[in-house]
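Student: One structure coming up, written as structure tokens, with questions to follow.
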Amino acid sequence: MANETAQIAGPVILLGPPGAGKGTQAKKLVERYRIPQISTGDLLRDHVARGTSLGVEAKVVMARGQLVPDALMYGIVADRLREPDCERGFILDGFPRTAAQAGWLDAFLEKEFFEKSGMCPPVVIQLVVDYTQLLLRLTGRRSCPTCGRLYNIHFQPPRVDELCDVDSTPLVIRDDDGAEIISGRLKAYEDQTKPVVEYFDAQHRLVAVNADQTVDEVTAQIFGVIDRHCQHLRPPAK
Ligand code: AP5
Ligand code: MG
């Protein structure tokens, strides 16, 4: 099946505001390219749930809808990228999120991946979504605490109200999906993450995708972008 092929992918960076569909699309890429999704939001929420010192610090910042300081992010991202499942590639969902993080990532990949394994440079995909649509996606989001499946009461409702289709677990609302926090997160994106878009665009490394379409339509566009990016890496046809 086309969505189950284990192709060469290399690193993929998904950029986009809160609610753009980074997590939704990352899961589709995991299925097709068999490379892991690295969501810095999920990594941080895991630290918060475990009550680590990083989690205690991050919790306060995330509850305000602000970004966790860069210096705290580098260690968790570096540790995760050094795990063996990242050797063929990985999907960065939510990182980099500041211009400083983008510069740090380029230097890290250069040193740890390109020099050692000759991995191809990241494909940087920007998910572009209208503001009103973002609000509906965020306020309507529900997720399954057991399997992680995402739903949306407006666009992808579960078959039975508020229960996961896969395991019937009651769905939950993310702590930072309240109206006041959402506005802080969207502002943080405008102020701190838009410069990341500009950073990659100035280097002609950015591919914008219209993500204001159905999930499957967006996925098809992203597959096309990645496949074109990686074409030169495939072994020649016999
Ligand atoms: P993070 O968890 O990364 O949240 P975010 O960037 O705000 O993005 P979301 O997860 O809300 O949205 P998404 O784009 O993944 O959309 P989704 O697929 O869920 O970060 C959380 C916090 O952690 C940050 O605020 C910050 O404090 C901290 N943090 C994380 N990374 C950091 C970093 N690098 N530096 C510093 N701090 C960091 O979709 C949303 C909804 O829309 C779902 O209901 C889904 O079903 C629906 N949907 C998706 N696609 C479609 C579609 N095409 N049509 C209709 N509905 C759709
Ligand atoms: Mg997400």
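Student: Where the second residue is in a loop (DSSP other than H, G, I, E, B) and of a type in the set (Lys, Arg) and the first is without any contact (Cβ under 8 Å) to a residue 60 or more places away in the chain and more than 7 Å from ligand 1 (Cβ to nearest atom) and lies in segment 136-150, which pairs have Cβ atoms under 7 Å and are six or more apart or on separate chains?
Tutor: From segment 136-150, the pairs are 143/149; 143/174.
Student: Residues that are outside any helix (DSSP H, G or I), more than 24 Å from residue 28 (Cα to Cα), over 20 Å from the mean Cα position of the chain (by Cα) and among the basic types (Lys, Arg): does segment 226-235 have at least one?
Tutor: No - not one qualifying residue is present in segment 226-235.
Student: Residue check, residue 90 against (1) aromatic (Phe, Trp, Tyr); (2) in contact with a Phe, Trp or Tyr (Cβ under 7 Å, 6 or more places away or on another chain); (3) crowded, with 23+ Cβ neighbours inside 10 Å, all met but one. Which one?
Tutor: That leaves (2) as the condition not met.
Student: Right, here's the next one. Tell me whether segment 202-212 contains one or more residues that are within 18 Å of residue 17 (Cα to Cα) and not aliphatic (A, V, I, L, M).
Tutor: Pass one, segment 202-212, residues within 18 Å of residue 17 (Cα to Cα): 206-212.
Narrowing further to those that are not aliphatic (A, V, I, L, M): 210, 212.
Yes, some residue in segment 202-212 is within 18 Å of residue 17 (Cα to Cα) and not aliphatic (A, V, I, L, M).
Student: Also, I was wondering about something else. How about segment 90-196: which strands (runs of 3 or more DSSP E) wholly inside it have at least 3 residues that are under 22 Å from residue 230 (Cβ atoms) and within 16 Å of ligand 2 (Cβ to nearest atom)? Explain how you work it out, then say what you get.
Tutor: Numbers: elements: 123-128, 141-143, 150-152.
In segment 90-196, the matching strands (runs of 3 or more DSSP E) lie at 123-128.
Student: Any chance you could count how many residues in segment 164-190 are surrounded by fewer than 18 Cβ atoms within 10 Å (Cβ to Cβ), more than 13 Å from residue 18 (Cα to Cα) and modelled with pLDDT of 95 or more?
Tutor: Counting residues in segment 164-190 that are surrounded by fewer than 18 Cβ atoms within 10 Å (Cβ to Cβ), more than 13 Å from residue 18 (Cα to Cα) and modelled with pLDDT of 95 or more gives 8.
Student: For segment 44-94, name all the residues that are acidic (Asp, Glu), closer than 26 Å to residue 33 by Cα and near ligand 1 (Cβ under 10 Å from one of its atoms). Explain how you work it out, then say what you get.
Tutor: So in segment 44-94, the residues acidic (Asp, Glu) come out as 46, 57, 70, 79, 83, 85, 87, 93.
Remaining after also requiring closer than 26 Å to residue 33 by Cα: 46, 79, 83, 85, 87, 93.
If the condition is that a residue be acidic (Asp, Glu), closer than 26 Å to residue 33 by Cα and near ligand 1 (Cβ under 10 Å from one of its atoms), then 93 is the only one that fits.
Student: Only residues that are within 30 Å of residue 98 (Cα to Cα) and of a type in the set (Asp, Glu): list them for segment 138-193, please.
Tutor: If the condition is that a residue be within 30 Å of residue 98 (Cα to Cα) and of a type in the set (Asp, Glu), then 175, 176, 177, 180, 190, 191 are the ones that fit.
The values are calculated or read from the model by the stated rules, or taken from the named source; none is laboratory data. Every value quoted in this text rests on a predicted model; they were computed, and no experiment measured them. Neighbour counts run over all protein chains shown; Cβ positions are idealised from the backbone, glycine included.
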